[in-house]
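The values are calculated or read from the model by the stated rules, or taken from the named source; none is laboratory data. Predicted model only: the values in this text are computed from it and were never measured. So basically every Cβ, Gly included, is an ideal-geometry build from the backbone, and we count neighbours across all protein chains shown. Please note that ligands, DNA and RNA were not included when accessible areas were found on the heavy atoms of the full protein model with its side chains. Shrake-Rupley method; radii C 1.70, N 1.55, O 1.52, S 1.80 Å.
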2 protein chains.
Amino acid sequence: MKNIIILGSTGSIGRSTLEVVKQVQERYKVTGLAAGSNLSLLREQVRKFKPDVVSVKEGLAAKFRQMLPRSIKVEVVSGTEGLEKVATLPQGEMVVSALVGGVGLLPTLAAIRAGKNIALANKECLVMAGEMIMAEAEKGGIKVLPIDSEHSAIFQCLVGHRKDDLRRIILTASGGPFLTYSQKKMTAVTPEMALAHPNWQMGKKVSIDSATLMNKGLEVIEAHYLFGVPVKQIEVYIHPQSSIHAFVEYIDGSLIAQLSYPDMKVPIAYALSYPERLPVSAPRLNLLEIEKLTFLAPDRQRFPALDLAYRAIQEGGGLPIVLSAANEVAVEAFLERRLSFTQIAEIIERVMSSYNRKEPQTLDVILEIDRWGREKAEGLIKNL
Amino acid sequence: MKNIIILGSTGSIGRSTLEVVKQVQERYKVTGLAAGSNLSLLREQVRKFKPDVVSVKEGLAAKFRQMLPRSIKVEVVSGTEGLEKVATLPQGEMVVSALVGGVGLLPTLAAIRAGKNIALANKECLVMAGEMIMAEAEKGGIKVLPIDSEHSAIFQCLVGHRKDDLRRIILTASGGPFLTYSQKKMTAVTPEMALAHPNWQMGKKVSIDSATLMNKGLEVIEAHYLFGVPVKQIEVYIHPQSSIHAFVEYIDGSLIAQLSYPDMKVPIAYALSYPERLPVSAPRLNLLEIEKLTFLAPDRQRFPALDLAYRAIQEGGGLPIVLSAANEVAVEAFLERRLSFTQIAEIIERVMSSYNRKEPQTLDVILEIDRWGREKAEGLIKNL
C-alpha cells in the first residue's frame, strides 16, 4: 500500500490518476487531494477515496466543508498554504504533481523538500526552475518520474541502456488540430477549434499549447532537465498518429521507441508503479488496425512557439520563465477571445524580447521574473 | 581487448562481423576463424586479422596452408574436429556463431561447454537443441547474445524492464520478395527471384528462408528459447519497411520497440559490446525520409512455412529438429532447381507428418533425428 497525494485532482491528469488508483485499489491509498474550485467533483472524489486532507481554492474551505456530510472525516484547507500542507503531508509517499501552469512550482518543490517522490505532470515547474528542482531531488534521493506521455516514453527507452551511449532524443508531436492549416487559416482559429485535439483528451491549457506546439517546446525543456540531455540533442518530429511517443537514438544507430494507445492512464500507471507495471485497463494499441505511421519535420514558420522555446532554453537565464509566464497569460487571453490564435506566439516573442535577463538563482527571483512576464504579457495584450 | 572467434567468417554475418571489428580495432583481437571452402576470402581475412588458428573444410587444410605466405604464423585445422578446436580455443573469450544451418550446433555447444560467451547468429542450433543449449549456458554462467536483428531488438526491448510484466513479443518480417505475389505466381518463382531480398543483404539460405517466411518461423522458436517466453506469446507482423525489428508489449499496454537501418553491423556490434554500444559506421535510419511504416498480419495460406514452425515447437519433441533438417534439404534442392518454391513447404510438411516422435534428450538422439529428417526429405524430393 503506497500513500499518494494528488495535486490537481479535478483536472484531466488528476481524474485519470484516480481512475488508475481505482483499478488497483489494493495498492494505493489516496491520502491528500488538492483542487481549485470544482467543488462538486472534489466532493465525489473525497467520498470515494477518503483522503485525510483536501485543499481547495483560497476562500472556499468553509463552503466545501458544508458540502460534505458530517460522517466524512477530512481536514479541509485552502490557498497556497493549504496546497503546501497537502503536498507535504507526513503520511504521503508520492506526490502526483498535476496542477496546471506555474502554480505547480511551489507545492512541487515543497513536496521534494519534504522527501516525497514525484510523479510529474506539471512541466511548467521544470521550465521555470528545472535546475533547482532536479538538484533538490538529487540531494534528497527523490525520484522524479514523468507522467507526460513523451517523457514517460523517453524514460522507458533509457532504462537498461547506458546514457553515455545516447546520441539524441526525439519527441513526437501529433501536430495538433492545425497541422495542415495554412498560415492565413490559422489567424481565424477559435478556442473551440483549438480545444478539439485529434488524439488526446486533455485539459484546456495543454490543448491550446498542443495546437501552437508550445507544448512540445515546453516538453523539450522538460526533457532537458529530467534526463540531463543538452537541448541540441533533443528533436521534435510530427507524428500524426500519436502511437510512438518518443525515440531515443544511440551511438550505434539503434533507436528505442515506446508506443501505446494515446491514453494518459498508461504513463500515469507507470509513474505510480515504476519499476513494476500495472495491468491498467486502457485501450490497447493495435498496429494491424493502424493504416500507417508517418513522421515529418515540424513547420517552424507556422508554429513559431517551438523555436521560441528552443531559444528560451538555449539563451537560458530567466528566459524560460518568461516564456512560460507569457504563454500562460496569452493562452488565457486566447480562451477569453481577447487574443487571436496566431497572436499567442507574437505576444510571447515580444515579452521575451523585452526581457532584461536577470539570472534566476533563488526561488524569489524566479517568482519575480514569472510575475514580470505575466504583467508584461497582460500589458501588451491590453494595448493591442 | 576482447579475444573473439568467428565461426563462419566468410559468410554474410562473418564478413559483417569483421567489418565491425575493423572499425573498432583497439577493442577486439580475432583469435580464431572457421570457414568452409571460400579459401581466397579466408586468406584475405587471415592476412588482415592474423588469427592464431583457422579451420577450413575437411581435406582443404594442406591446400590452404600452401596459399598462405610463410611469414604468416597460423595453425590450419579442418573438418568437424578443426571447427571444434577453433570454437574452444583457450584464449578466446567470445564466439560468434555464424555458421549456416544445423552444422552450427556442435561447435556452438562445444564453445559454451568451454566457457565462451556466444554471439549467436546460427538460429538452427537453438531450433534443434534450444533447451540443452540454454541449460548448458545457464549452468556455465554463459551469455548468449543474439545477432539476429529481431532478437537483438527483443533483447534491447527487454533490458531494464521486468520480465514478469511482459505480455507478448512481436517479431517483424519484411514479408520478403513475394509479399504481394498470388499463390499461382509463387509456383513459378526462381532461385534468382527468391535471393533478391528487398531490404536485407543476406546469405543464400537465410534469403530463401525469408522468402518462404520459414526464417520468421525459426526466429519464433529461437525467441522462445533465448528469452524463455511461451510460443503463444510470440507473434509475427509483416512490416515491409524493415525499420522496426521487434516490439515487446507489456501488461500496461506499453510497447517498446527497437529500430535501425537494416544493416547487420548494428546488431552484431551490440552483441559484441553489450552492455556498451559501439559507434559503428552503418547507415542511419532517417524516419523523415521514410514515407510510412506499415504493419499487416502474415498470409498463412501463401506462406505455410510459418505455421509449420509454430506446429513444430508447439508439438515439441523432435519435431523442430525435423522441421529444420527438412527445410535445409528442401532449400538446397530449390537452389539447385530440383524443387519448386512452393514445394519447399510441402516437403517439410510431409517429412514432419511422417515423423515418429522420438524425444530428443541427448545430443546423439538430436543428431539422429536431424539425419532422419534430412534423409527423409532427400528421399521425398527424389521421388517427386
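Quick rundown of the values:
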{"quantity": "Pair B:V365, A:E276: separation of 7 Å Cα→Cβ label points (nm)", "calculated": "4.1"}
{"quantity": "Positive minus negative residues near A:H239 (Lys, Arg vs Asp, Glu; Cβ under 13 Å)", "calculated": "+1"}
{"quantity": "Alpha-carbon centroids, the stretch B:204-229 and the stretch A:134-188: separation in whole Å", "calculated": "35"}
{"quantity": "In the stretch A:1-65, the GluC sites (Glu not before Pro) that fall in loop regions by DSSP, at most 12 other Cβ within 10 Å", "calculated": "A:E26"}
{"quantity": "Cα gyration tensor of the stretch A:2-146 - equivalent ellipsoid semi-axes, whole Å, descending", "calculated": "24, 16, 13"}
{"quantity": "Bridge type composition, the stretch B:157-305 - antiparallel percent by DSSP, nearest 5", "calculated": "70"}
{"quantity": "Centre separation in Å (Cα based) which lies between the stretch B:360-384 and the stretch B:10-61", "calculated": "31"}
{"quantity": "Whether the stretch A:89-137 is rounded, prolate or oblate, judged on the alpha carbon gyration tensor where a/c under 1.5 counts as rounded", "calculated": "oblate"}
{"quantity": "q = 0.06, 0.10 Å⁻¹: log10 I(q)/I(0) that the Debye formula gives for chain B, counting C-alpha atoms only", "calculated": "-0.22, -0.63"}
{"quantity": "Extent along principal axes [Cα atoms of the stretch B:276-384; Å; largest to smallest]", "calculated": "53, 36, 27"}
{"quantity": "Förster radius 45 Å - calculated FRET efficiency between A:K232 and B:E81 (Cβ-Cβ, nearest 0.05)", "calculated": "0.20"}
{"quantity": "Built amide H within the under 5 Å cut-off of A:E75, gap 5+", "calculated": "A:V53, A:V54"}
{"quantity": "Label-to-label distance, nm, for residues given as B:Q25 and A:E136 (7 Å Cα→Cβ offset)", "calculated": "5.4"}
{"quantity": "Solvent exposure, largest accessible area first (probe 1.4 Å, DNA, RNA and ligands not counted), of A:D148, B:D307", "calculated": "B:D307, A:D148"}
{"quantity": "Rough spin-label spacing in nm, given labels placed 7 Å along Cα→Cβ, for B:R311 and A:Q301", "calculated": "6.0"}
{"quantity": "Exceeding the 31 Å Cα-Cα cut-off - candidates B:K48/B:K376; B:K143/B:K204; A:K139/B:K2; A:K116/A:K204; B:K139/B:K232; A:K185/A:K216", "calculated": "B:K48/B:K376; A:K139/B:K2"}
{"quantity": "Debye, to nearest 20: dipole size of the stretch B:2-146, +1 on Lys, Arg Cβ, -1 on Asp, Glu Cβ", "calculated": "640"}
{"quantity": "Cα-based radius of gyration of the protein assembly as shown once divided by 2.2 N^0.38 Å, which approximates compact folds", "calculated": "1.11"}
{"quantity": "Dipole of the stretch A:2-146, positive end: most advanced residue of A:I6, A:V76, A:V100 [Cβ charges, Cα centre]", "calculated": "A:V76"}
{"quantity": "Reachable aspartates and glutamates from A:K265, criterion Cα separation under 14 angstrom, eight or more residues apart if same chain", "calculated": "A:E19, A:D148, A:E150, B:D252"}
{"quantity": "Innermost chain A residue relative to the axis carrying A onto B, by Cβ distance in angstrom", "calculated": "A:G160, 1"}
{"quantity": "Helical contribution to [θ] at 222 nm, DSSP H n ≥ 4, -39,500 (n - 2.57), averaged over chain A, rounded to 500", "calculated": "-14000 deg cm²/dmol"}
{"quantity": "Other-copy label distances relative to A:E276, 7 angstrom Cα-Cβ extension, nm", "calculated": "3.7"}
{"quantity": "Antiparallel bridges, percent of DSSP beta bridges restricted to the protein assembly as shown (to nearest 5)", "calculated": "35"}
{"quantity": "For chain A, the longest site-free run once trypsin sites (Lys or Arg not before Pro) in DSSP loop states with at most 10 other Cβ atoms within 10 Å are removed", "calculated": "A:74-336"}
